[in-house]
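The values are calculated or read from the model by the stated rules, or taken from the named source; none is laboratory data. Predicted, not measured: the structure shown is a model, and the values here were computed from it. Every residue, glycine among them, receives a Cβ derived from its backbone with ideal geometry; neighbour counts consider all protein chains shown. To get the accessible areas, we keep the full protein, side chains included, count just its heavy atoms, and leave off ligands, DNA and RNA. Shrake-Rupley method; radii C 1.70, N 1.55, O 1.52, S 1.80 Å.
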Amino acid sequence: MAKIIDKALWHIDNAANQKNVIEHFKFIFKWLEKNNLLSADGKEILDIGIDSSISLNEKMVNEKALKFLEKYYDEYIKNTQYGIKEDEKLLDKYYEDFSK
């Protein structure tokens, strides 16, 4: 079974706004793609389209991305407005720190 980093239904089932949840996943997948961190599966999902069934898991990203997400994803979520006001600069800063 693939390690799951985040799953849209976890948030939706906890009364998060579905539109905001989907926007968050679109943002994250696009950021991962921009930084060459998506796997072939992740790129395919991004091309098909992000919906409420999405799961950000180890099959969607490469090994470097998985390590980055395990270290920084929860911290990023705590410091942004999930799906409302994403912070690409913060994510970039975490990635820069991770890459040192």
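Scanning segment 47-56 for residues that are more than 14 Å from LEU69 (Cβ to Cβ) and not charged (D, E, K, R), we see that the one that is surrounded by the most Cβ atoms within 10 Å (Cβ to Cβ) is ILE54. Scanning segment 8-25 for residues that are touching an Asp or Glu at 6+ places or on another chain (Cβ under 9 Å) and without any contact (Cβ under 8 Å) to a residue 60 or more places away in the chain yields a total of 2.
Which of the residues spanning segment 35-46 are part of a helix (DSSP H, G or I), touching a helix residue (DSSP H, G or I) at 6+ places or on another chain (Cβ under 9 Å) and open to solvent by 10 Å² or more (accessible area, probe 1.4 Å)?
The first filter runs over segment 35-46 and keeps only residues part of a helix (DSSP H, G or I), leaving 40-46.
Applying the additional criterion that residues be touching a helix residue (DSSP H, G or I) at 6+ places or on another chain (Cβ under 9 Å) yields 42-43, 45-46.
Within segment 35-46, LYS43, ILE45, LEU46 qualify.
Here TYR72, TYR76 are screened, and the one residue that is open to solvent by 30 Å² or more (accessible area, probe 1.4 Å) and under 11 Å from the mean Cα position of the chain (by Cα) is TYR72. Residues in segment 9-27 that are farther than 17 Å from GLU88 by Cβ and either part of a helix (DSSP H, G or I) or open to solvent by 70 Å² or more (accessible area, probe 1.4 Å) (or both): LEU9, TRP10, HIS11, ILE12, ASP13, ASN14, ALA15, ASN17, GLN18, LYS19, VAL21, ILE22. A single entry from LYS100, LYS71 fulfils the requirement of being basic (Lys, Arg) and in contact with a helix residue (DSSP H, G or I) (Cβ under 7 Å, 6 or more places away or on another chain): LYS71. Restricting the first member to segment 42-70 and to residues that are among the polar types (S, T, N, Q), and the second to residues that are part of a helix (DSSP H, G or I) and open to solvent by less than 30 Å² (accessible area, probe 1.4 Å), the beta-carbon pairs closer than 6 Å and six or more apart or on different chains are SER52/ALA8.
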